[in-house]
Amino acid sequence: QVQLVESGGGLVQPGGSLRLSCAASGNIFSKGYMAWYRQAPGNQRGLVAIITSGGATTYADSAKGRFTISRDNAKNTVYLQMNSLKPEDTAVYYCNGAFNRMTLWGQGTQVTVSS
């Protein structure tokens, strides 16, 4: 059974940076895309960024120019570098990915941007 475990969330001031990590563990025999979603209170969960197994990336408009998604296929890990953070980036961030032909979700990690 494959699991996704996120880390790296926390409290940061506006304009600051955070780096989220998500590692997949278990018996992995196939892997596809990996992505980050976020959900703020009262809002639906929405895509932040996605990266294919080949490294192609797509970003939500709100993330373009500030966030960078990357992955280490050898470690089955995806990262989200978040710079110039704004209060409106406050949300629970979820890792998502395709492993062994299944779509998996992590448990989420809280990011709070506040002074």
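Placing +1 on the Cβ of every Lys and Arg and -1 on the Cβ of every Asp and Glu, with no other charges, gives the chain a dipole of roughly 180 debye about its Cα centre.
For the set 105, 36, the ranking by accessible area, highest first and with no ligand, DNA or RNA atoms included, is 105, 36 under a 1.4 Å probe. For residue 5, the accessible surface of its heavy atoms amounts to roughly 80 Å² (probe 1.4 Å, protein chains only, rounded to the nearest 10).
Between residue 1 and residue 56, the contour length at 0.36 nm per residue exceeds the Cα-Cα span by 17.1 nm. Candidates 59, 39, 18 compared by Cα position along the dipole of the chain: farthest toward the positive end lies 59, with charges placed on Cβ.
In this entry, the chain is assigned a mean projected area of 6.7 nm², taken as a quarter of its C-alpha convex hull surface. Length gained on full extension, residue 114 to residue 101: 0.8 nm, using 0.36 nm per residue less the C-alpha separation.
Within straight-line reach of residue 64, meaning a Cα separation under 22 Å, sit the following lysines at least 8 residues removed in sequence or on another chain: 86. Taking a ≥ b ≥ c as the square roots of the eigenvalues of the Cα gyration tensor, an a/c ratio of 1.5 or more together with a/b larger than b/c marks the stretch 35-92 as prolate.
For the chain, relative contact order (Cα pairs under 8 Å, six or more residues apart, normalised by length) works out to 37 percent.
Per residue, the convex hull spanned by the Cα atoms of the stretch 1-46 amounts to 119 cubic angstrom. With r as the distance between the Cβ atoms of residue 64 and residue 30 and R0 = 30 Å, compute the FRET efficiency 1/(1 + (r/R0)^6) and round to 0.05. Plugging the Cβ-Cβ distance into 1/(1 + (r/R0)^6) gives 0.50.
The values are calculated or read from the model by the stated rules, or taken from the named source; none is laboratory data. For clarity, every value in this text was computed on a predicted model and none was experimentally measured. For neighbour counting, all protein chains shown are included, and Cβ atoms are generated from backbone atoms with ideal geometry for every residue, glycine included. Keep in mind that these areas ignore ligands, DNA and RNA; they rest on the heavy atoms of the full protein, side chains included. Shrake-Rupley method; radii C 1.70, N 1.55, O 1.52, S 1.80 Å.
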